[in-house]
Structure formats: structure tokens, C-alpha cells
């Protein structure tokens, strides 16, 4: 077989071993017109990574990089389960979250001021069902970028790590993921880690830090393989210009702000924000006078960027030299906390959690299991989500005019982090048969709204009476590096986030960590510094948890009167057909006559929901009558259906008959069965025995 290449270039292929399987990178086989494209194969998973660099410079005040992860149903041999739409549509939440995971370690590796338009797409072409393809996609995206000639300080690689029986492992099978107490994504470059994301079942900080160290060592072969590919391809370096403030403009900004920042701005929020805004306006007015109104109009953005840079340097200087933060707090000091529950009378559960100027209101709604979300993606088919957390943050929460619309990648990501934080402590469906929707409405933003969402969600769940196993709190931490010296900040606000080198969020219970997210702005950090940062988060998280417990120490025993009441019953799965009936006739009749909602699972779990307790009881009795298994020693009221010479057959349950032998009709001798029983007669009988063929032996005399 020959492969035609329109460019006349040889196909270049490099391979290495990664976590026990062969990893292959291949170029010049597909994607001839892209700036760079790499076909990555790992097991039966194949991902196409493409990078396209714009040919014309763009005039923007930010780096226009987009990173997308594309699920293809055909990659897993599937057609979408939707009856109406068969082609791939808008990305699923899962695809958006993976796109963010790939984006976050890549974006900081471009130099500040780089403004060329760059689009990276990782498309899954074939998916091995034995492991998730997201980390292969990350390698594909990085490999493509390495061949564009852009000033990308890669390569990047990552691993999704689990822990089974105390041992770390990458590329887990679905069964291993189910057994793992850790789901840890670690990404970075050759000299350090640039991104961490984790979900955990209350594991210790040490376990996560050890997982970081393990992953860092294990993904190095993928880094070296990309370097080998670059050596063979020899991409042409791109010519570019960085858009940075003019040195004279920066000097003017530094001179003007000297003496106006520092101690004068060490004020609590929002007073500090107002002071900064006033100083910024004064700066622009003064500079416009010096430069001239017309000329300044063209240079205003550069001057504004120079002022912001001077402000960030002032923040860093205060922390490093004075150990004092922008709002006057000590490095480990938490902003003032307040919280309340039961704030919305008709909601099933509600809370408000406030930390400084950051505030989140959470509302919990309970519903029957039939309201669960059906997830149909490349990786999952008809998977049911019975717990959902949604996050909203309109423009007014940051004092801006912003058009309302559907949630963006940030909203989806923040909501998922808070959702992940609570999943380990939620009750099982068998113990609490409800679909739970938790919605955080951010009311005000000034740093780490995802952690406000976590705390407010936990309080609202307890207010709703959801029996979580342990309360969860969360804290956002910051890190600033001064040479080799790290400065860790507890409960960071916006100014410290913008000026810092890393921000990370940690959530957990008194027993351990449940979720984590780390993003570095520097080009990689060593594991030991990250270990220090993770440990430093624990006291702050415990402080916030202590405050929450003062507001609500445990879930309410009684749910809201407006929440649906749900009872459950387990039946023999073989009896499901009896409850449903032909064409749904029986279940529709039960629903119509009792007014209750009924959900049936394949394993035999039936839930009955209604605001009316009497409706639930009627439906349950009906279902029990249809599905109850005969029990030896129990007395039943049955109807005589057939009389024979040797005895009578009595129906004791729907579809279940037993025989009363003539000798079991009375203590006295009975000549004819008809002397005691008649067809259609209701009698009490006792079940004496069920033989190995399933036949029921009944007794009339023992029942009396």
C-alpha cells in the first residue's frame, strides 16, 4: 500500500513507551494545509492535533488563543442516541472541561505580549474504551504547537492518575477508575508542573503531593518524544513582535505611581478597589495633559497596561518585602466570613455564603429520579447524572454591563469544580432516591467564586435535608515566587490573583481532600513547592469549615414541605414486567389513580414520589401486591379459583396460586372439598411449604 503525499514530504514517525504502551507521533500523513498537524496513536486511541497560526497580526489587548477538544461519536463506534440529531453538535460539558484542561498548561507558555491568533484543535478519531483519551489529546495539541515555529515554551505532556490498592497508575480502565480513590490530572513541561486538577474521596494532602511527583516522572517520555519530533521536522521559527508597553511609557507610569500606591492602598475591599479606580483615572488625566489629548487617545491602552503592571509590581513588593497584602491582611489571614441558610422560603434548600466581597447564593432543588440528566457522549452512553451543580455569574457581579447568554467555559468549569467537591460526600441513590440540582448564583466577585460556590452549595444541601456524610469547605490559595523563595497566600482576592504566579483551590472535609485545581502563570514549578502550597491550604480550609459548622452543623432531619416525598422499594427484577403491564397499562393505571410518580430501575429499585403521603402509600401497596414474593409461614387472604377431588387451588397474589390439600381443610375428616369450599370464596390460608419446583402448599386449618 502506498500513501500519496501532495507535498512530496516523507512521513515522519517517532515512538516511545509511555506508562506501558507505545506512544507514536506522526506528521506529513494528514492535514497538509494546516500550520502543523500531528497524528498521535496510543493503543487503539488515535487523536489528530492541529495548530493553525493566523497570517495577519490582530489588534487585541489579549492573546487570541483558542483550544478545543472534539469528541467524535464514530471514534467509539457509536451513533448519537438522539432521535432527531445524529451529527455532533455543540460540545458537551465534558468536552469543554477537557478543552480547558488542555488549554490551562499551554496558555502560560507563550510570552506576554504575543498577539498572533492561534487555534488548536484536538480531534479524537479512534477511542480505545480501556482508557480515557484526554491526555493523548493534550500530547497531540502540544506536539502540533511545537511544529508551528511560534514562541511556545513547550512541549507539554500530562497524565490522568488514579490510585488503586494504594498504588498510582495512569490510563486506568473503567473498572480501575471505579475502584480508585483519586482522579488526578497533572500536566507540565520538562522542568516543572504547570497545571493540576483532582477529584478525590477524602484523601490526604500527602497522597496528592506524592501523586504529583509520580506523574511528573512518568510523563517525561512524552516530553522527550516531542523534542525528538521537533529535531526531525525542524520547523521554521516564526517572526513576531510582542505588544508590550513602551519602555518610556512604563517608566512614566512607574514614576507617576511612586508614592501613590503602597501603604496608601492597604485598605479592605471594596474600598481598595475604589481607591485604585480613582488613582487610575487621575493617572490617565495627568498623562493626557502631558502627551496631548489627540495623541493620548491612540496610546491610552498602552498607558493603562503600564499602570496595571506598576500596580501588580506594587502588590508583589508589599508581599515580599513587608509580608503585607493589598488589603492589609497577613499572608495566612482569611477575609471576614458570614453565612446563612433557609433564605428562600419556597426553595427546598438555600444558603448565602460571603467571604469578604465575594458572595454566592445557592439553591438546591430535589426531584424524583426520572428527572436525572441523560448524558450521551463519545465516552458514555445513556449515563444518568442524579447530581448537578450549575454556576452563574452575570456582569453585575463585577460591576460591568455584560450581555446575558448561555454559560461560557469559565462558568462550566467553576460549576464542575464545586460539583466535584461535593460528590464524594453525597448519599447513594439507594439511600436517598432523589435527583439533586444545586445552582450557585454569584452575587459579588472579588476572588475565588468557585470556592464560594462550594461552601454555599454544601450549606444549601444540608438545609435541604440531603444526608451528606461530611460537610465540605473550600479555599483559594495564591503563590508568589521571589527567586527561589515561595510566598503562599491564603484566601486570595483579585489583585493577588492577577499579580501572582499561581492560584490554586482546595476543597475537602475534616477527613481529607475532595477536589483541587492548580494553575501556574510561571513556566513550571517543582513538586516540593507545590507540596508546601497544598499543606498551607489545610488550616485555612479548616477555619472556613469551622465557620460553616456554626451556621449549620448537620443536615436537617426534615425536608422542606415543598420538596417531593419519595419512598423506595426493591423488587425482584423479574417482577418489573408485572408493575409495568402490557404496553405500560398497569403503571399508567397506578399513576392515574394514586397521583404518584413512579420510577423503575433495571435492578428492581422502584421509587414512588408525591407531595401527598397518602398517594405514596396507595401506590406502594399496589406495587407490593403485584410484586410481593410468597413467604413460608405467612397467612394470606386468597380466593378459591379451582376445586379438585384432592383439594382446592387458591390465588394468594396476582398470578400466584397454591394448593390446599383436602387433608389441610379442617381438623375433622372432610369427604368432599365442596363441603368446605366453593369457587370464588375468599378464605384465609397459611403458606406451609414451597417445593423445589416452586409449588406452594397451603393450609386452611393452620390459618384458622
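The values are calculated or read from the model by the stated rules, or taken from the named source; none is laboratory data. In this text, all values refer to a predicted model and were calculated from it rather than measured experimentally. Note that each Cβ is placed from the backbone with ideal geometry, even for glycine, and that neighbours are counted across all protein chains shown.
Annotations for the structure displayed:
- Options 58, 67; residue that is modelled with pLDDT under 95, under 30 Å from residue 308 (Cβ atoms) and not assigned by TED's automatic domain parsing to the domain that holds residue 501: 58
- Residue count for region 320-356, restricted to those that are in a loop (DSSP other than H, G, I, E, B) and within 24 Å of residue 553 (Cα to Cα): 12.
- Count of residues meeting criterion [touching a residue at least 12 places away in the same chain (Cβ under 8 Å) and within 56 Å of the chain's Cα centre (by Cα)] in region 686-704: 8
- Residue among 385, 300, 355, 316 that alone is in contact (Cβ under 8 Å) with a residue 12 or more places away in the chain, touching a strand residue (DSSP E or B) at 6+ places or on another chain (Cβ under 7 Å) and assigned by TED's automatic domain parsing to the domain that holds residue 272: 316
- Qualifying residue in region 585-592 (condition: at pLDDT 90 or above, surrounded by 17 or more Cβ atoms within 10 Å (Cβ to Cβ) and in a loop (DSSP other than H, G, I, E, B)): no
- Enumeration of residues in region 190-211 that are closer than 18 Å to residue 502 by Cα and assigned to a strand (DSSP E or B): 192, 193, 194, 195, 196, 197, 198
- Subset of region 7-20 (residues that are at pLDDT below 95 and either in contact with a strand residue (DSSP E or B) (Cβ under 8 Å, 6 or more places away or on another chain) or surrounded by 11 or more Cβ atoms within 10 Å (Cβ to Cβ) (or both)): 9, 11, 12, 19
- All positions within region 413-468 that are over 19 Å from the mean Cα position of the chain (by Cα) and farther than 14 Å from residue 349 by Cβ: 430, 431, 433, 443, 444, 445, 446, 447
- Condition met for residue 102 (touching a helix residue (DSSP H, G or I) at 6+ places or on another chain (Cβ under 7 Å), in a helix (DSSP H, G or I) and either surrounded by 15 or more Cβ atoms within 10 Å (Cβ to Cβ) or not assigned by TED's automatic domain parsing to the domain that holds residue 413 (or both)): yes
- Residue match in region 59-80 (condition: buried (at least 16 other Cβ atoms within 10 Å of the Cβ), out of contact with any strand residue (DSSP E or B) (no Cβ under 9 Å at 6 or more places or on another chain) and not in a loop (DSSP other than H, G, I, E, B)): yes
- Restricting region 627-637 to residues that are under 16 Å from residue 689 (Cα atoms) and not in a loop (DSSP other than H, G, I, E, B), the residue that is modelled with the highest pLDDT: 635
- Scan of region 217-257 for residues that are farther than 30 Å from residue 304 by Cα and free of Cβ contacts under 8 Å to residues at least 60 places away in the same chain, ordered by number: 217, 231, 234
- Subset tally (residues that are within 40 Å of the chain's Cα centre (by Cα) and assigned to a helix (DSSP H, G or I)) for region 249-278: 10
- Of the residues making up region 40-58, those that are in contact (Cβ under 8 Å) with a residue 24 or more places away in the chain and either farther than 29 Å from residue 409 by Cα or crowded, with 19+ Cβ neighbours inside 10 Å (or both) are 40, 42, 43, 44, 45, 46, 47, 48, 49, 50, 51, 52.
- Any hit, region 642-663, residues being farther than 29 Å from residue 622 by Cα and assigned to a loop (DSSP other than H, G, I, E, B): yes
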